[in-house]
Amino acid sequence: MELVYDYIGIGFGPSNLALAIATQEHALRNGLAPQVCFLEKKPAFNWHEGMLIDGSTMQISFLKDLVTLRNPASRFTFVNYLKEHGRLQDFINLKTFFPTREEYTDYLSWTASHFNEQAHYGEEVISVEPHFQDGRFVAVDVLSRGPGGGVSRRRARNLVFGIGGIPQAPAAFDGLDDPRVLHSAGYRGGIEKLLTNRPGPVRVAVVGGGQSAAEIFEDLASRFDNVEASLVIRGSALKPSDDSPFVNQIFNPSFTDTIFNHSEERRGALFAEFRNTNYSVVDTDLIETIFQRMYQQKVRGEQRHRLLTNREVAHAEAVSAGIELSLRDAPHDQMHSERFDVVVLATGYRRDYHLELLAGLEQCIQGLSVDRNYRLALRAGSEAGIFLQGCCEDSHGLSDTLLSVLAVRSQEVVESIFAEYEQPCSSRPAPAHERVALKLAR
Ligand SMILES: Cc1cc2nc3c(=O)[nH]c(=O)nc-3n(C[C@H](O)[C@H](O)[C@H](O)COP(=O)(O)OP(=O)(O)OC[C@H]3O[C@@H](n4cnc5c(N)ncnc54)[C@H](O)[C@@H]3O)c2cc1C
């Protein structure tokens, strides 16, 4: 093996993209040239492309981009992106803090294009193994499957997870593998295949009561004349997300300290108190749009689209004529079945996939909790470092899975990684066992 990286990032979404920038800026400030790389399973940079619904907007101010809260003078601010693309003045005239998701994806892609040498696309990390030296855990070997199916092995002193979530389906859909059931993560592209050029009314159930479910419901209603959409929600109404200013302070990077320093019990209580900032809630504007649509249907005496409230999917079965959903109406203690041609699950993401990848390091890991700088506790004597981003909601708060803290968190991780070295590998004298490898790598 030729090269020992300072770190390898798994995934190249916004978290690790922010990390790439923080690393570059840290290196420039300190006159260093660290060796880093990112392994991303997608064939090219993209951001939640399956939910790139026309006109959908960001739920966060553009000032919470990848860098501004840490370094507003960075060339990778959203404002500089606008300037370089000749749209700064026009964006100002839009008078908004919330760009479209389409534009934000373009900002992220533009930023990612500056790190093409570090990002290896089409590489899915499939396992991680420890590398020992004189009995000490000093590095990790990262195994990834590339576009052609071949497996590569890369070694690094540190490993940083930024893998996001895995689409999650309700238990009622366990074992149901049918192309007529889509997760919201694959909505764009998937739905067109199922609905385009299909005659007659097509009955679509959208399951979920959050922002994605509401966006999909509205998209189906506005874009497909042949669709009769039903939004199946557990609650008794669509509820608005709270983004009022006092509440929004929980997403300030400084609030991470507050959360981290609380007891587990207090953290749990705060999570419950502020859950309605992010989970099973919808932007008020969108709620109003949907309400207006339903009202207009009443005016016209047609009811093409419906909200099925207080309904939980108890059972789902694929039959030749469609997907049969058994819906439990708990408050009324009733159960009924309905058949749909297509079901879209906007039921969120699991954030435990890192555990599968970490299984190969089990013997080296002390516990599954991270310190304030996202470093996983390893057994005494270990010299490698493992950092988790996006799966530390329990310890670091609701902002951990979102974009709000990326600018600052990336710096915290970078400082924790490079504080270990007097100088990073490419500028400090390499230990004897690495000298040959590092020379080859240059
Ligand atoms: C539709 C949608 C809209 C959102 N809008 C907002 C918003 O407006 N504001 C906000 O704060 N948050 C928003 N979020 C929350 C979202 O989690 C963050 O915006 C952001 O995507 C988190 O970045 P990430 O890099 O941690 O994870 P992700 O963006 O999920 O990126 C993880 C990357 O890791 C890759 N990966 C996973 N496993 C592997 C593997 N084994 N090997 C290699 N690569 C792998 C994935 O392909 C992916 O590219 C939104 C989420 C969704 C679904």
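The values are calculated or read from the model by the stated rules, or taken from the named source; none is laboratory data. Everything numeric in this text was worked out from a predicted model, so none of it was measured. Every residue, glycine among them, receives a Cβ derived from its backbone with ideal geometry; neighbour counts consider all protein chains shown. SASA here: full protein model, heavy atoms, side chains in, ligands and nucleic acids out. Shrake-Rupley method; radii C 1.70, N 1.55, O 1.52, S 1.80 Å.
How large is the translational diffusion coefficient of the chain in µm² per second when you combine the Kirkwood radius over alpha carbon pairs with Stokes-Einstein at 4 °C and 1.567 mPa s?
Diffusion coefficient, whole number: 54 µm²/s.
Counting only pairs 8 or more places apart or on different chains, how many lysine pairs in the chain have C-alpha atoms closer than 30 Å?
Lysine pairs meeting the criterion: 12.
If N is the number of residues in region 1-88, what value comes out of its Cα radius of gyration divided by 2.2 N^0.38 Å?
Relative to the 2.2 N^0.38 Å estimate, region 1-88 comes out at 1.27.
Can you say what percent of the DSSP beta bridges in the chain, counting only those with both residues inside, are antiparallel? Round to 5.
Within the chain, antiparallel bridges account for around 50 percent of the total.
What is the sum of charges around Arg409, taking Lys and Arg as +1, Asp and Glu as -1, for the other residues whose C-beta is under 10 Å from the C-beta of Arg409?
So the environment of Arg409 carries a net charge of -1.
Could you tell me which residue out of Phe132, Gly186, Ala156 lies farthest along the dipole of the chain toward its positive end? Charges go on the beta carbon: Lys and Arg +1, Asp and Glu -1, centred on the Cα centre.
Comparing the listed Cα positions along the dipole, Ala156 ranks first.
Hey, can you grab everything whose amide H is under 5 Å from the amide H of Gly322? Only 5+ residues off in sequence or another chain; H modelled, so Pro and N-termini drop out.
Residues meeting the criterion, in which the H sits 1.01 Å from N, do not exist here.
Taking each pair of distinct Cα atoms in region 67-120 once, what is the resulting Kirkwood hydrodynamic radius in Å?
Over region 67-120, the inverse of the mean reciprocal pair distance is 12.0 Å.
Putting +1 on Lys and Arg Cβ atoms and -1 on Asp and Glu Cβ atoms, find which of Thr289, Ala359, Ser404 reaches farthest to the positive end of the dipole of the chain.
Value: Ser404.
Multiplying the sequence separation of Leu368 and Asn276 by 0.36 nm and subtracting their Cα-Cα distance, what value in nm do you get?
Going from the current span to full extension adds 30.4 nm.
May I ask you to give the solvent-accessible area per residue for region 285-381, in square angstrom, as obtained with a 1.4 angstrom probe?
That works out to 58 Å² for each residue.
Placing +1 on the Cβ of each Lys and Arg and -1 on the Cβ of each Asp and Glu in the chain, which of Asn276, Gly86, Leu108 has its Cα farthest towards the positive end of the resulting dipole?
Of the options given, the answer is Gly86.
First obtain the Kirkwood hydrodynamic radius of region 225-370 from its Cα pairs, then insert it into the Stokes-Einstein equation at 25 °C and 0.890 mPa s, and state the resulting D in µm² per second as a whole number.
Answer, rounded: 126 µm²/s.
Compute, for region 1-63, the length of the dipole vector about the Cα centre, with Cβ point charges of +1 (Lys, Arg) and -1 (Asp, Glu) only. Units Debye, rounded to 20.
The calculated dipole for region 1-63 is roughly 60 debye.
Apply the Karplus parameterisation 6.51 cos²θ - 1.76 cosθ + 1.60, with θ equal to phi minus 60°, to every residue of region 319-331 and state each ³J(HN,Hα) to the nearest whole Hz, in sequence, with x for glycine and proline.
10, 4, 7, x, 10, 8, 10, 8, 10, 9, 9, 4, x
In whole Å, how far is the Cα centre of region 250-281 from that of region 177-218?
So the two Cα centres are separated by 32 Å.
With θ taken as phi - 60° and the coefficients 6.51, -1.76 and 1.60, list the Karplus ³J(HN,Hα) couplings across region 271-280 in order, rounded to whole Hz; mark glycine and proline as x.
4, 5, 5, 10, 3, 6, 8, 9, 10, 6
Out of the total accessible area of the chain (probe 1.4 Å, heavy atoms of protein only), what percent is carbon and sulfur?
49 percent
Could you work out the mean projected area of the convex hull around the alpha carbons of region 26-160, in square nanometres to one decimal?
11.1 nm²
Once phi is turned into θ = phi - 60°, what whole-Hz ³J(HN,Hα) does the Karplus curve with 6.51, -1.76 and 1.60 give for every residue of region 65-71, x standing for Gly and Pro?
Each residue of region 65-71 in turn: 6, 6, 9, 3, 5, 9, 8 Hz.
For the chain, what is the charge dipole size about the Cα centre, in debye to the nearest 20, if Lys and Arg each add +1 at the Cβ and Asp and Glu each add -1 at the Cβ?
So the magnitude is around 560 debye.
Taking the Kirkwood radius as the inverse of the mean 1/r across Cα pairs, report the Rg/Rh of region 180-267.
Ratio of gyration radius to Kirkwood radius: 1.17.
Accessible area per residue, 1.4 Å probe, Å², for region 113-181: what's the number?
47 Å²
Say we join alpha carbon atoms closer than 10 Å with springs in a Gaussian network model of the chain; which of Pro43, Pro14, Pro34 then has the biggest fluctuation?
Pro43
Using only alpha carbon positions, build the gyration tensor of region 108-199, then give the equivalent ellipsoid semi-axes as the square roots of 5 times its eigenvalues, largest first, whole angstrom.
After diagonalising the Cα gyration tensor, the semi-axes are 36, 19, 13 Å.
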